[in-house]
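**Q** One structure coming up, written as C-alpha cells, with questions to follow.
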Amino acid sequence: MSSPFPQGMFESAFRPAWWLRNPHAQTLFSSFFRKPPSLAREREELLLPDGDFLDLDWHGPVGWSGATPLVLVVHGLSGSSDSHYVLGLQAALAKQGWASVAMNCRGASRPNNRPRAYHAGASDDILAVLQHMVARYPQTPRALVGYSLGGSMTLTLMGQQQHEAPVFAAVAVSVPLQLELCADRMDSGFSRVYRQHFMETLVAHWRDKAVHLEQLGDSESAEKVLGQLARGPFQSFWQYDNELVAPLHGYQDVHDYYHRASPRQFLSSITRPTLVIQSADDPFMTPEVLPGIQELSSAVHFELCQRGGHVGFIEGGTPRAPAYYLESRIPDFLTHQWQAIQGRGELLG
C-alpha cells in the first residue's frame, strides 16, 4: 500500500498481546486492571437550547494557546468522561501538544434536566459542543473521536453534516453499525453478561433521573420516565430500546429507532477524512454488521482488526505495563490529516 492511511477497508496492523488474545479478555482487561491517568481537567457546564446541559471536561498541555488541534472525545453507552479510554486518549493527545474536551452525554455525569438522555442517533448534542468549541477557539483546528455508541453519534454527524462538519477529521471505534444486529448479538452466549450489566446500570440512571426531575418540580416528566420504566424489567436491548429509548427520543418504536439511527447508512455520505476501527471478534457484534466496500465513501478509512474485542485493542507490553494501540493509532491518524490540510493551506470554518 502506498499510503499508511489507505482509503477503503483494510486489515489493521494491530496484533493483540499474547496474553490477551480472547475477545472478552481484550474487552474487560482495562475495566478491571487499568489505572487510568490522573488528569488536571477543567469542568464546564454547557447550557443547551432546550434548557438542559452537558458537562465538558477540558484538558491540555501546559501553555496550550490554540495553535495546535483541539479534539472532542465522546464516550460509549453507560460510560462518561471518566472512562479509562477517554482519559487515556486525553493524556496521549496532551503528550503531543494537543488539547481535548471530553463530553459527558446527557445524564452520564449526573442526572440531566430533561427526560431525554442519549442514543445512537443523538448527533445534535455533539454538534452543539463542536459549535461551542468554534465559538471559544475560532482559529483552532478541531477533530472528533467517538467510542462505541459515541462512535455511532460521530459517524451520524459526519454523514449528516458532510462538508459542513466543523472538524478536519474524525475517528470512530467499535461502532454498533447496524443496531438490530447488535441487539440480537447481545442476547446470545457470554454477551448476555454484558447486556445484564448495561441494563442494571442504565435503569439505575433512569431512576436517578426521575428523582432529579421530581426535585426540579417537573412531576410530569418524572412520571413519564417512571411510566416507561414500569414496563420492565428489560430482558433485551430490543425491549429496552422499544420501551425507553424510542418513546423518550421521538421514535415511533424500536424498529423506527434502529432504522433511522443505525450509523452504517451514513458511511457513504461522509466527506471529511474519517477512520473507523472495528474488530472482527467484537463480542457486541457479528460479521454481518460490517459494511461492504461499496458502502464506504472515499473519505472513510475502515480499519478491520481480526482480534481486539470491544474498545480493547491492547497490544504488547506486559500485564503490568500493557500498550494501548488506540492511544497511538488515533493521534497518528489525526496528525496525518492535520498535516495534510496544512500542506494544502485549507481553513475550516
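All of the numbers you see were taken from the coordinates with simple rules; none came from a lab. What you see is a predicted model; the values in this text were computed from it and never measured. Counting neighbours? That spans all protein chains shown, and the Cβs are built from the backbone with ideal geometry, glycine included.
**Q** Report the one residue of SER279, LEU229, ALA321 whose Cα lies farthest in the direction of the positive end of the charge dipole of the chain (charges on C-beta: Lys and Arg +1, Asp and Glu -1; origin at the Cα centre).
**A** About the Cα centre, the residue reaching furthest to the positive side is ALA321.
**Q** Could you run the Karplus curve 6.51 cos²θ - 1.76 cosθ + 1.60 with θ = phi - 60° over region 54-59 and give me ³J(HN,Hα) per residue in whole Hz, x for Gly and Pro?
**A** After applying 6.51 cos²θ - 1.76 cosθ + 1.60, I find 10, 8, 10, 10, 8, 8 Hz.
**Q** Still on this structure: So what is the relative contact order for region 179-261, in percent, with contacts set as C-alpha pairs under 8 Å and at least six apart?
**A** Relative contact order comes out at 26 percent.
**Q** Can you give the charge dipole size of the chain about its Cα centre, rounded to the nearest 20 debye, using +1 on the beta carbon of Lys and Arg and -1 on the beta carbon of Asp and Glu?
**A** 920
**Q** Can you list the HN-Hα couplings for region 10-17, worked out from phi with the Karplus curve (6.51, -1.76, 1.60; θ = phi - 60°), rounded to whole Hz and with x for Gly and Pro?
**A** Each residue of region 10-17 in turn: 8, 6, 6, 7, 5, 10, x, 4 Hz.
**Q** Where a Cα-Cα gap under 20 Å defines reach, which lysines qualify for LYS35, not counting those fewer than 8 residues away within the same chain?
**A** LYS35 reaches LYS95.
**Q** Oh, and also: For the chain, what does -39500 (n - 2.57) per DSSP helix run (n ≥ 4), summed and divided by total residues, give at 222 nm, in deg cm²/dmol to the nearest 500?
**A** Computed mean residue ellipticity for the chain: -11000 deg cm²/dmol.
**Q** What is the projected area of the convex hull of the Cα atoms of the chain, averaged over all directions, in nm²?
**A** Answer in nm², one decimal: 17.0.
**Q** How about region 272-337: which GluC sites (Glu not before Pro) there are in a DSSP loop, with at most 12 other Cβ atoms within 10 Å of their Cβ?
**A** Working: sites: GLU288, GLU295, GLU303, GLU315, GLU327; in loops: none.
Answer in residue order: no site qualifies.
**Q** Report, in whole Å, the centroid distance computed from the Cα atoms of region 53-97 and region 282-349.
**A** One Cα centre to the other: 17 Å.
**Q** Run down the lysines and flag those whose C-alpha is under 20 Å from the C-alpha of LYS209, throwing out any fewer than 8 positions away in its chain.
**A** LYS224
**Q** How long is the gain from LYS224 to GLN342 if the chain were fully straight, where each residue apart is worth 0.36 nm and the alpha carbon distance is subtracted?
**A** The LYS224-GLN342 span can extend by a further 37.4 nm.
**Q** Springs between alpha-carbon pairs under 10 angstrom, Gaussian network model over the chain: which of PHE313, PHE33, PHE168 fluctuates most?
**A** PHE33
**Q** Specify which residue in the list PHE29, ALA165, SER188 is farthest towards the positive end of the charge dipole of the chain, using unit charges on the beta carbon of Lys, Arg (+1) and Asp, Glu (-1), about the Cα centre.
**A** Highest projection toward the positive end goes to PHE29.
**Q** If the only charges are +1 at each Lys and Arg Cβ and -1 at each Asp and Glu Cβ, what is the size of the charge dipole of region 191-314 around the Cα centre, to the nearest 20 debye?
**A** Roughly 240 debye, rounded to the nearest 20.
**Q** Amide H to amide H, which residues 5 or more places from PHE53 or on other chains are under 5 Å from it, using H placed in the peptide plane?
**A** When sequence neighbours closer than 5 places are left aside, the close amide H contacts are LEU48, ASN113.
**Q** May I pose another question? If the only charges are +1 at each Lys and Arg Cβ and -1 at each Asp and Glu Cβ, what is the size of the charge dipole of region 179-261 around the Cα centre, to the nearest 20 debye?
**A** Charge dipole of region 179-261: 240 debye, to the nearest 20.
**Q** Tell me, what ³J(HN,Hα) does each residue in region 323-339 have, in order and in whole Hz, if you take phi through Karplus 6.51 cos²θ - 1.76 cosθ + 1.60 with θ = phi - 60° and put x for Gly and Pro?
**A** Values, residue by residue: 10, 9, 4, 4, 7, 10, 5, 5, x, 4, 4, 5, 4, 4, 6, 5, 4 Hz.
**Q** Note down the relative contact order for the chain as a percent, whole number, built from C-alpha pairs under 8 angstrom at least six residues apart.
**A** On the way: 670 pairs, mean separation 84.5, N = 349.
That works out to 24 percent.
**Q** Compute from the Cα atoms of region 179-261 the Rg and the Dmax, the latter being the longest Cα-Cα distance, and quote both in angstrom.
**A** 13.5, 43
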